[in-house]
1. Which FRET efficiency value, to the nearest 0.05, do you get for A:GLN103 and B:GLU124 by plugging their Cβ-Cβ distance into 1/(1 + (r/R0)^6) with R0 = 41 Å?
2. Rounded, prolate or oblate: which fits region A:87-151 when a ≥ b ≥ c are the square roots of the eigenvalues of the alpha-carbon gyration tensor, with rounded for a/c under 1.5 and prolate only if a/b beats b/c?
3. Relative contact order (percent) for chain A, with alpha-carbon contacts under 8 angstrom and 6 or more residues of separation?
4. Would you mind putting B:135-143, B:18-26, A:150-158, B:44-52 in packing order, based on average other-beta-carbon counts within 10 Å, highest first?
5. Roughly how large is the A-B contact in terms of buried accessible area, totalled over both chains, probe 1.4 Å, nearest 100 Å²?
6. If I take R0 = 22 Å and measure r between the Cβ atoms of A:ALA129 and B:LEU35 in this structure, what FRET efficiency does the formula 1/(1 + (r/R0)^6) give, to the nearest 0.05?
7. Anyone know which of B:ILE255, B:ILE126, B:ILE207 comes out most mobile in the 10 Å Cα GNM of chain B?
8. For region B:124-230, what is the accessible area per residue in Å², given a 1.4 Å probe and the full set of protein chains?
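The values are calculated or read from the model by the stated rules, or taken from the named source; none is laboratory data. All values derive from a computational prediction rather than experimental measurement. Neighbour counts run over all protein chains shown; Cβ positions are idealised from the backbone, glycine included. Heads up: the accessible areas ignore ligands, DNA and RNA and are worked out on the full protein's heavy atoms, side chains in. Shrake-Rupley method; radii C 1.70, N 1.55, O 1.52, S 1.80 Å.
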Amino acid sequence: MFLEINNLNKQFQTKNGTLIVLKDINMLIAQGEFICAVGASGSGKSTLLRQIAGLDRPTSGEVMIDGKPITGPGPDRGMVFQHYTLYPWMSVQENAEFGLKLQGVPKKERREQASYYLNVVGLTQFAKALPKELSGGMKQRVAIARALASEPKVLLMDEPFGALDVHTKEAMHEFMLDLWRRTNITIFMITHDVEEAVFLSNRIYALGARPGTVRKEMLINLPNRSHTVKRHSTFHDYRDELMDLLRLHGQEAVALAA
Amino acid sequence: MTESTNARSIRSLMKPKPMRPTVFWRLAEDIPKPLQTGLMITSIALPLLLWWAVTTFANIDPKFLPSPADVLHAFGRLWSTRELLKDTVASLWRVGVGFIFAAALSIPVGILMGSFPSIRALLEPIFGLMRYMPAPAFIPLLILYLGIGEEPKIMLIFIGVFFFNSLMVMDTVKFVPKDLIESTYILGGNRWETLTQVILPHVLPGIIDACRINLAAAWQLVIVSELIAATEGLGRRISVAGRFLRTDEIFVGLIVIGIIGLAFDLLFQYLLRVSCHWASQKR
Ligand SMILES: Nc1ncnc2c1ncn2[C@@H]1O[C@H](COP(=O)(O)OP(=O)(O)OP(=O)(O)O)[C@@H](O)[C@H]1O
Ligand SMILES: [Mg+2]
């Protein structure tokens, strides 16, 4: 398997004692898959992604990529954060180039590569703008272009479209699917938007909360991937099943929190 | 049904609070340019006018409060004998040397303290303690150790600036968003690259601002040091003038000190504007 998560546990020491955030997480992801992990707020989704990115160590268990355990962050994994993380003093172009610059790519090549991906996310005319001059959705698209420019093997995304309006979101979905088809990239995306997950992924992990566990793994087989498929009954079945799974969990969480 | 009565009762408890349109009392909003300019001119002109009126219409001994004309006259006198220039240069030189030394050391130290918790743990307690010892209280010690030449004065400025500036720079570094540092790691940056290419540019405006504030402290300290022991300098000018009851010269000294300080401040603000365009709130 390309990306393996084996018996991963993660707990935090807080002043109210030990908080178990992730418990016995097992995931197997093949190269070229588009995976979505769906879960309610606070179910440990960001925490899980941080372990894969290598920004944090699991309490026990391991994450392997290409058969090697992950020991830290690296450019083989691109990441788009939940919050905007552009460098405010750099122009959009410089932001998109920064990863390549860090990896020693010569100026001309990195300019071309970054320009290509800025064009892909539709921001060519904003190349010279500063991040503060962009809207939230535009910032997130720069972050995606920046992650893609390094041509990572895996793209990790933490609710990247959470702040976008429906139409921009739809356009981003089309773009992600197109990108996924054209390249051999593996995408691991986190979302709480069930429809988004069903529409984009070929497989979904539904996460339960407190502690975060894999509640169910769902293979998605849609007749096609145009936005009309959202009216298809297969789409509705997947969506409803996931909604039920997460709803059950929501009540539990309230009971647990009380 | 209970819900609606509930809603009504809570509404009846709310006191109506009209918000009248205003120009002068706008909160965190721009006011019209002419009003702003007018207010800024008033800020300087009104005290000057009062000063002039008091000295003209009330019968006050010029030894107690000289008139603006007296002070202007004294300024001309001190200027023509080149004494004023010599004093100003002496004070500026001390502040320049002391401040540049202190800044050159405190900026890297502050960045290291902010970036590495280990270095912070090592230095923050002692710096925090030193910061609360008023620099002028070191003057007797400095005279004892370094004599009465230039060294104790420069050292005084160094002490007064170094600890404050280190801690203020450290704070600006602590506020670099963790996400930004982590995305740099993900993009393939190592610690050194993150420090130099992400943390440093991010804290530059904070550093310039810290230096601006601490330069004001340095400027005050040089005057204090000259009040006590010096052969020239603006502080010295004031203390000599005081001894001979030349009140007009005291005023000249104070005004020159104020104007130079303000010029420093404006210079740093300008520096901040041109070098860190991205950090300004305006789009
Ligand atoms: N460094 C930390 N120290 C202590 N607790 C933490 C830490 N990081 C996360 N947690 C806790 O772990 C739980 C899961 O957090 P996480 O950010 O992974 O949730 P999430 O699923 O991403 O939620 P959302 O959808 O709102 O982003 C939360 O209860 C949070 O308080
Ligand atoms: Mg999250």
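1. Numbers: r = 35 Å, r/R0 = 0.86.
Result of the calculation: an efficiency of 0.70.
2. Numbers: a/c = 1.79, a/b = 1.53, b/c = 1.17.
Note, shape of region A:87-151 comes out prolate.
3. In percent, rounded to a whole number, it is 25.
4. A:150-158, B:135-143, B:44-52, B:18-26
5. Summing both chains' loss of accessible area gives about 2100 Å².
6. For R0 = 22 Å, the calculated efficiency reads 0.10.
7. B:ILE126
8. Heavy-atom accessible area per residue stands at 45 Å².
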